Amino acid sequence: MLPKTFVVAMAADIARSDYAKPTLVRSRSREWLIACRWGPEGEYLSIATAGAMLDPRGMAAPDAIAPIHSLFGVLVSESETESASTFLLVRQLPRLIELAGTFFPADGYALLQQRETISLVSKTRYSHSCGWLDGREIRKDIPDPAPYSAEAMAWHIEAKRCKWIGEFISGSMLPEREAIQATG
């Protein structure tokens, strides 16, 4: 069963594509992500970029990774039989929600699954303007971007959990063999 509360590092393959034609991939990269699921019912998900992967094998995340830009999602559906949860990504951060890093307004979805490990697939697109407020970077949603805007694109993300010193997973949800590896 997929944990309702966790913070994990993930090795991600990210393809960046055209906003109006998301199938047109323009670039690819390997990056670290930090995925965080929380809330009384595990209904919130943040996915934060945390820097480029210097080791392409991505066996373990660097100790000091930290959120840079954070997507935010709200639980849409859950399947215990599939051990999967789907989240709707949002363009406006709900009131009283604070994220580490800069909120990255986007629309799309994120699918979390638990098989041998936690994996994530996300298809999203965004269009925003960048600015500063009280010394912090902010990004605001632009609902109808101009064609070929530099701040409008789509992302295709595929990621898998990696070992990381900063990891937290609610204890009762760990599969037995992962619990043994984590403690021994």
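For the range 8-35, name all the residues that are within 16 Å of GLU158 (Cα to Cα) and open to solvent by 30 Å² or more (accessible area, probe 1.4 Å).
ASP13, ARG16, PRO22, THR23, VAL25, SER27, ARG28, SER29, ARG30
Can you name every residue in the range 90-118 that is open to solvent by 20 Å² or more (accessible area, probe 1.4 Å) and within 24 Å of LYS163 (Cα to Cα)?
LEU99, ALA100, GLY101, LEU111, GLN113, ARG115, GLU116, THR117
Quick check on my filter: what residues within the range 36-49 are open to solvent by 10 Å² or more (accessible area, probe 1.4 Å) and either among the hydroxyl-bearing types (Ser, Thr, Tyr) or not in a strand (DSSP E or B) (or both)?
Once the filter is applied, which keeps residues that are open to solvent by 10 Å² or more (accessible area, probe 1.4 Å) and either among the hydroxyl-bearing types (Ser, Thr, Tyr) or not in a strand (DSSP E or B) (or both), the range 36-49 yields GLY39, PRO40, GLU41, GLU43, TYR44, SER46, THR49.
Return a yes/no flag: does the range 145-155 have any residue that is touching an Asp or Glu at 6+ places or on another chain (Cβ under 9 Å), crowded, with 17+ Cβ neighbours inside 10 Å and at pLDDT 95 or above.
No, there is no match, as no residue in the range 145-155 is touching an Asp or Glu at 6+ places or on another chain (Cβ under 9 Å), crowded, with 17+ Cβ neighbours inside 10 Å and at pLDDT 95 or above.
The values are calculated or read from the model by the stated rules, or taken from the named source; none is laboratory data. Please read these numbers as outputs of a predicted model, since none were measured by experiment. Heads up, the Cβs are rebuilt from the backbone with ideal geometry, glycines too, and the neighbour counts pull from every protein chain shown. Surface areas here come from the heavy atoms of the whole protein model, side chains and all, with no ligands, DNA or RNA. Shrake-Rupley method; radii C 1.70, N 1.55, O 1.52, S 1.80 Å.
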